[in-house]
Every structure is written in structure tokens, then in C-alpha cells.
Amino acid sequence: MKDATFDTTHGELHAELSDRFDTTAMATETTLLNPRFYTTDFDEMDRIDVSPVREQWDALLAQMKSDPNKGHFKKTADWDHVDWEGMDPKLRAEFIDFLVSSCTAEFSGCVLYKEMKRRGTNADICELFNYMARDEARHAGFINDALREAGVAVNLGFLTKAKKYTYFRPKFIYYATYLSEKIGYARYITIFRHLEAHPEHRFHPIFKWFKEWCNDEFSHGEAFALLMRTDPKLTESFTNKLWIKFFLVAVYSTMWVRDHARKDFHEALGVDIDWYDQEVFRKTSTIARQVFPMEIDIDHPAWIPTLRKMNAAMLDMERAKRRGGLGGRIAHAMASARAGLAFARLYLIPVIPRTPPANVRLEPSY
Ligand SMILES: [Fe+2]
Ligand SMILES: [Fe+2]
């Protein structure tokens, strides 16, 4: 079924790559760590009234309407030739994994936003989700173009149908999506700034596109910050604070585990993974002060050691799964209990309380 699910071109390397990387399958797989596809209560979202934040809303929407990145996601003379064949095979594998998971994450945003736009009747909400779907479609398409040069690409149409959808109540969509947009901004800009200082590590041209790219993610995050501001309960009630903390811990620890699985990729970029992840957490937490009533204490003495424990437990879970059989199942259960404990420990680290400012809006400043 390769032909149906793949977008392959010819050539030996291409054949070899598509044998080794079933990218659409990689993207379709639902695990704890892979980017997910979401669905929600669209009717409830459609009832949001943005009047409490009208002025800031209109300014943000006008900026999105002006479409500053309209011409950005096209290959130009800056797109240097990529020597896929000469690339170290381990790096190639991890880089393709990085591109596939980024493409899936971008596309997952696109699908959710488009669906909201399609089902909605609220003019404000439909307009916002229309612009965000437009941006994410461009982002996913651009990554897919880069993958296509390696002879592999994610079949996005297939993905829409094959991927499992996770239902989240609208408020969980706000927390998770707000965070993933802002973390996306922080990740892209941190890599961009690092490569600006160390261009010798830029082993692929796509990184040159990250600066304008991350500004789109920044605006998307701004929109969710405004949506959360329409209802103070979302960030102020006791239960919702517990949920916000849950999402912070879940999103940060997932990123840690996922990044630590890509050793060669980060080595090629000249990036120390621990440094990079902490830097991204720090930027994200600082930005999130605009709307979240707390931040995770990432300098707490238990933070990094517990993340390491969690990572080790996840690796053991994977090994146990590959081993199979009764022994594998027992080992898997034990490792997964360890991962659960590590998560609980992270969750119990006291947060730093914050009081969001009266004016929610921010501009990208990194
Ligand atoms: Fe995006
Ligand atoms: Fe986005």
C-alpha cells in the first residue's frame, strides 16, 4: 500500500528512504508522545463572546488579515541544495522524524482550526480560525516540500482520515493549544537565534525560514490568550488552575522526552538538549505570564532529575514493548508505573504564582 499512502519520487535514495521511513505511518501512529489530532465541542466554542477584549481582538485580527507572511513560505535562492545522500544516516533518520512530527503538529492545528471555521456561525471566531488554518496549512505544506526532496512526504489527506482524534473540552483546547503555539514560537526562535550565531551548524535551509514562521505561531498564541481572557473563570478558578498546571507539566515533560530521543539531530545543530529545553521552557513560561496565574519552577532541584527519570522510564517502556511476551508486558507495566510516579513528582513541585497584567497582548521579543 506504499503508493497509496506515500508521495514518493524515483531514484535509489528515494526508494531506500521510503523503505526505511514509512513517514505517513510515523505520522499516523498515536502514542503518548506523537502530535495528536483534536476535536472539541465546536458549538460551545462558537458561543464565545469576545466583547470583553474587543479592542485587542480587532487589532490582532487586523494584523492577521494583513497576512504579513503571505509570500514567505516559498523556496527562494536561499534554499540551498540539501545533500540527503551524504547526510549521516542516523542524523537523516532523526531529522526526518523531526520534520514528520513537526509537519503532523502543524497539520493537526490546521485540521482543528479549519473544522471550527467550517462549523461556526460566530463571525469573530470564524474569521480567527480561518486565518490560523491558512497559516498552519502553509507551515505543514512547506515542511512537506522539504520532506519531498528526501523522497518522502506525509500524505496529509490520508492523515486526516486515518489519524485518531482526541476529544478535548474547549477549555482544554485553550490551555493545550495556547501552550503549543507559544512553545512552537519559543522552539523555532531559539533554533533560529542559535543558528544565526553559529551558521556552520545550519545543515538544512529550512531553519532560515523559522523567524517569520514563529511570528505566525506567536500570533496564534495571542489569539488563545485573548480567548481565555473572555472568561476569568478559565484561569482563576481553583480547578482550572490545577488543569493549567497539569497541561504545563504534560507539555513540558513530553517535549523533554521527545527531544532527548533525537541526540544526533541536536548534536548536528550544535545544541545541548538540556540547555535548549530549559531555554524553551523559560521563554514559554515568561510569555505565559500574560495569561496563566502560575509558572512551573524549572529551577527547582527536583525538576531536571525527575525529567531524566521520566525519560528513562519511557525508554524502558519502549524496550519492553519491543520485547513482547509476558516478560515484556510485566516490564512495560513496571516502567509505566515509574513514568507515572515521575509525572506525579513533577506535578507536586510547587509552582510560582503569577498575576497576569491587565493588558494581555504581547509582541514577539526574542
Ligand atoms: Fe504553525
Ligand atoms: Fe500555530
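The values are calculated or read from the model by the stated rules, or taken from the named source; none is laboratory data. For clarity, every value in this text was computed on a predicted model and none was experimentally measured. Methodologically, a virtual Cβ is constructed for each residue, glycine included, from the backbone with ideal geometry; neighbour enumeration extends over all protein chains shown.
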The lone condition ASP297 fails out of (1) under 24 Å from ARG361 (Cα atoms); (2) in a helix (DSSP H, G or I) is (2)
Pairs, please: C-beta under 8 Å, at least 6 apart or cross-chain, first residue closer than 22 Å to PHE218 by Cβ and in segment 342-365, second aromatic (Phe, Trp, Tyr) and in a loop (DSSP other than H, G, I, E, B)? ARG354/PHE292; PRO356/PHE292
State yes or no: is GLU212 charged (D, E, K, R), buried (at least 23 other Cβ atoms within 10 Å of the Cβ) and within 16 Å of ligand 2 (Cβ to nearest atom)? no
Only one of ALA140, ALA150 is among the small types (Gly, Ala, Ser), more than 25 Å from LYS233 (Cα to Cα) and within 16 Å of ligand 1 (Cβ to nearest atom); which? ALA140
The lone condition VAL111 fails out of (1) over 25 Å from THR160 (Cα atoms); (2) touching a strand residue (DSSP E or B) at 6+ places or on another chain (Cβ under 8 Å) is (1)
Residue satisfying condition, being within 26 Å of VAL257 (Cα to Cα), assigned by TED's automatic domain parsing to the domain that holds ILE206, within 14 Å of ligand 1 (Cβ to nearest atom) and surrounded by fewer than 23 Cβ atoms within 10 Å (Cβ to Cβ), within set SER101, SER108: SER101
Kindly indicate the residue of segment 120-137 that is closer than 17 Å to LEU227 by Cβ and among the charged types (D, E, K, R) and also farthest from ligand 1 (Cβ to nearest atom) among those meeting that condition. ASP124
Find all pairs meeting these conditions: Cβ atoms under 6 angstrom apart; at least six residues apart or on different chains; first residue within segment 91-109 and hydroxyl-bearing (Ser, Thr, Tyr); second residue near ligand 1 (Cβ under 10 Å from one of its atoms). SER102/ILE143
Tabulated pairs, segment 164-186, first of a type in the set (Asp, Glu), second within 16 Å of ligand 2 (Cβ to nearest atom), C-beta under 7 angstrom, 6+ apart or interchain: GLU181/GLU217; GLU181/HIS220; GLU181/GLY221; GLU181/PHE224
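One line per residue, one yes/no per condition, for (1) crowded, with 17+ Cβ neighbours inside 10 Å; (2) closer than 21 Å to ARG36 by Cβ; (3) without any contact (Cβ under 8 Å) to a residue 12 or more places away in the chain:
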{"residue": "VAL257", "(1), (2), (3)": "yes, yes, no"}
{"residue": "PHE265", "(1), (2), (3)": "yes, no, no"}
{"residue": "ARG289", "(1), (2), (3)": "no, no, no"}
{"residue": "PRO305", "(1), (2), (3)": "no, no, yes"}
{"residue": "MET310", "(1), (2), (3)": "yes, yes, no"}
Residue, modelled with the lowest pLDDT, within segment 67-87, restricted to residues that are surrounded by 10 or more Cβ atoms within 10 Å (Cβ to Cβ) and over 16 Å from ARG202 (Cβ atoms): GLU85
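Hey, among GLU217, GLU222, which residue is within 13 Å of the chain's Cα centre (by Cα), surrounded by 20 or more Cβ atoms within 10 Å (Cβ to Cβ) and within 16 Å of ligand 1 (Cβ to nearest atom)?
Working: GLU222 fails: within 13 Å of the chain's Cα centre (by Cα).
Every option except GLU217 fails the conditions.
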Helices (runs of 4 or more DSSP H) contained entirely in segment 80-182, each with at least 1 residues that are in contact with a Pro (Cβ under 6 Å, 6 or more places away or on another chain) and either of a type outside the set (Lys, Arg) or within 12 Å of ligand 2 (Cβ to nearest atom) (or both): 89-119
